[in-house]
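The values are calculated or read from the model by the stated rules, or taken from the named source; none is laboratory data. This is a predicted model, so every value here is computed, not measured. In this analysis, Cβ positions are derived from the backbone assuming ideal geometry, glycine residues included, and neighbour counts consider all displayed protein chains. In case anyone asks, the SASA skips ligands and DNA or RNA and just uses the protein heavy atoms, side chains included. Shrake-Rupley method; radii C 1.70, N 1.55, O 1.52, S 1.80 Å.
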Amino acid sequence: MASPDWYYDELRQLGVDFADAAAVAAYDRNQGREPAEDRALIADLGIGPSDLVIDIGCGTGQFACEAAKVAREVIALDVSPAMLDFARRRAADAGLGNLRCRHSGFLSYAHEGPPADLVISKFALHHLPDFWKAVALARIRDWLRPGGSFFLRDVVFSFGPADCMRGVEDWIARVAQPAGQGFTREDFATHVREEHSSFRWILEGLIERAGLRILAVECADEAYADFLCVRP
């Protein structure tokens, strides 16, 4: 069914344009994660051989591929065709036949078949304004089986609105890297200016109103948060 004319177009690019294969390759280099980090998260989340996992905003597929090594099936979603091409090549190189890539996201994916055991999203929900975050979270709840888990990791601001100048500048100064060595100051400035990261108190309310129960929140600092949630 076609979406109404007021529905949010999540397939358009925000911030950095990842339609270009070179930009996607640079993104993968800048991520710089060791597989051990994803494997540790997979173990913490208890992903096992009977599980169906949906990875929203899979990017270049590093987590999705690691999860597919232990899960029954992984459905990897992204709004960037170039990102999905990279993820498909990574899965093919690893011989993973149980990873399915879909060109869609929070608002456009239509889940079919048995409900998911786990939905995970890392650094993707901030692409949506808060109104559409609420819609997305309610949809995620519907994809999960009762007792299924939702794990969210994102840029989430724990400082208050009145402290935003200090909070954002401290964050950028702490994480920005020189060009060619990682994400730059301009990358993070573009994120704040053009994307939609929320304050923690707003995001907690959106999660709870969507019908998900927050089991744990971990904040590495004032700019990042992990949420572990369950569908009651």
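Nearest 0.05, what FRET efficiency do R145 and E204 give at R0 = 25 Å with Cβ-Cβ as r?
That gives a FRET efficiency of 0.60.
Ignoring everything but the protein chains, give the 1.4 Å probe accessible area of E37 in square angstrom, nearest 10.
About 90 Å², ignoring ligands and nucleic acids.
About its Cα centre, how strong a charge dipole does the chain have in debye, to the nearest 20, once Lys and Arg get +1 and Asp and Glu get -1 at the Cβ?
Result for the chain is approximately 520 debye, rounded to the nearest 20.
As a test question: what accessible area, to the nearest 10 Å², does K69 have when a 1.4 Å probe is rolled over all protein chains in place?
Accessible surface of K69 is approximately 110 Å².
Cα atoms only, the chain: Rg and Dmax in Å?
17.0, 50
With the contact rule set at Cα under 8 Å and sequence spacing of 6 or more, what percent relative contact order holds for the chain?
Contact order relative to length: 19 percent.
Given the protein chains as shown and a 1.4 Å probe, how many square angstrom of E222 are accessible, to the nearest 10?
70
Taking the convex hull of the Cα atoms, report for the stretch 99-232 its projected area averaged over all directions, in nm².
9.1
Gaussian network model of the chain, Cα springs within a sub-10 Å range: biggest mean-square fluctuation belongs to which of P81, P146, P178?
Top of the fluctuation ranking is P178.
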